[in-house]
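Student: My structure is below; once you've seen it, I'll send some questions.
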Amino acid sequence: MPRKKVIKILKQIKINFEKFLEFNDYNTIDTRIYIKKENKYKKLERYNKLIVLENEVKNCRKCDLGNSRLHTVFGEGSEKAKLMFIGEGPGYEEDHIGIPFVGKSGKLLNNIIASIGFTRKEVYITNIVKCHPMLDKANPDRRNNDRAPYNTEIKNCMYYLNEQIKIINPKIIVTLGKSATKGLLNIKENISTIRGNIKYYQQIMVIPTYHPAALLRNINLKKYVWRDMKKIKKILG
């Protein structure tokens, strides 16, 4: 084959190859933009669904908790969280502010979350009930007026929790304490027996552990929560 013809063929191959690269670069960028927009839309859609659900909770009067509360305590955190924490119910501080897990228990929970490499904003935190269960519902401004939620109160609130789980779709749910664990999983075992064991709720992994308030009462329980957090960290990678 003449040398000029070989050079001409090689030049054409080079041109075709450059066009191929240009086309694929464009499509790669275009795909990335599409995926980014799709993810942004999904995030916005989740956020909007949570806002609508929160407004439903604010208007809820399914049980007496809705009549005695000062604020509903819906939840806080990322709508795309891989990790979701579910506590028992709002206490005095939460009822006055409208945010879950503030005060001493909240600070300890923040430290627990940080121990596995997350911030409070990166996880999602809520409770099995959204209003403050009180011993004396006529005095919401009284301290040390907290109690565990009744089974009927948990059942009335489960719709809202189920919707939160459905919208956020976390990889792992951590139930904090007896009420949250029994209420979500519908089991009778004590938290001391079931903590650290992997269970499932609507095909989502659930790992029960002690409530931060229990750790404040008994520091010896901290080692068990740390073991549970290490297991969670390993699963999430």
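Student: If I go through the range 117-137 residue by residue, how many of them are closer than 23 Å to LYS233 by Cβ and buried (at least 17 other Cβ atoms within 10 Å of the Cβ)? It would help to see each step written out before you state the result.
Tutor: Here is the first cut: in the range 117-137, the ones closer than 23 Å to LYS233 by Cβ are 117-126.
Add one more test, that the residue is buried (at least 17 other Cβ atoms within 10 Å of the Cβ), and what stays is 118, 120, 123-126.
The number of residues fulfilling the criteria is 6.
Student: Within the range 108-132, restricting attention to residues that are in contact (Cβ under 8 Å) with a residue 24 or more places away in the chain, part of a loop (DSSP other than H, G, I, E, B) and under 14 Å from the mean Cα position of the chain (by Cα), which residue is nearest to LEU53 (Cα to Cα)? Spell out how you get there, then give the answer.
Tutor: Here is the first cut: in the range 108-132, the residues in contact (Cβ under 8 Å) with a residue 24 or more places away in the chain are 108-109, 112-113, 115-118, 120-132.
Now restrict to residues that are part of a loop (DSSP other than H, G, I, E, B): 116-118, 123, 128-132.
From the residues that got through so far, the ones that are under 14 Å from the mean Cα position of the chain (by Cα) too are 118, 123, 128.
Values: PHE118: 26, VAL123: 18, ILE128: 15 Å.
The extreme case among them is ILE128.
Student: With the range 138-237 as the region, which strands (runs of 3 or more DSSP E) entirely inside it contain at least 3 residues that are touching a residue at least 40 places away in the same chain (Cβ under 8 Å), out of contact with any strand residue (DSSP E or B) (no Cβ under 9 Å at 6 or more places or on another chain) and surrounded by fewer than 16 Cβ atoms within 10 Å (Cβ to Cβ)?
Tutor: Values: elements: 172-176, 199-201, 204-209.
Once the strands (runs of 3 or more DSSP E) in the range 138-237 are filtered for at least 3 residues that are touching a residue at least 40 places away in the same chain (Cβ under 8 Å), out of contact with any strand residue (DSSP E or B) (no Cβ under 9 Å at 6 or more places or on another chain) and surrounded by fewer than 16 Cβ atoms within 10 Å (Cβ to Cβ), nothing remains.
Student: Let me ask another. Taking only the range 47-99 into account, find how many residues are within 24 Å of THR181 (Cα to Cα), small (Gly, Ala, Ser) and more than 15 Å from the chain's Cα centre (by Cα).
Tutor: Count: 4.
Student: Which is within 17 Å of ASP146 (Cβ to Cβ) and not polar (S, T, N, Q), of PRO208, PRO212? If you could, list the steps in order and put the result at the bottom.
Tutor: Values: PRO208 fails: within 17 Å of ASP146 (Cβ to Cβ).
Exactly one of PRO208, PRO212 is within 17 Å of ASP146 (Cβ to Cβ) and not polar (S, T, N, Q), namely PRO212.
Just so you know, all these numbers are worked out from the coordinates, no wet-lab data involved. All figures in this text were calculated on a predicted structure; none of them were measured in a lab. In this analysis, Cβ positions are derived from the backbone assuming ideal geometry, glycine residues included, and neighbour counts consider all displayed protein chains.
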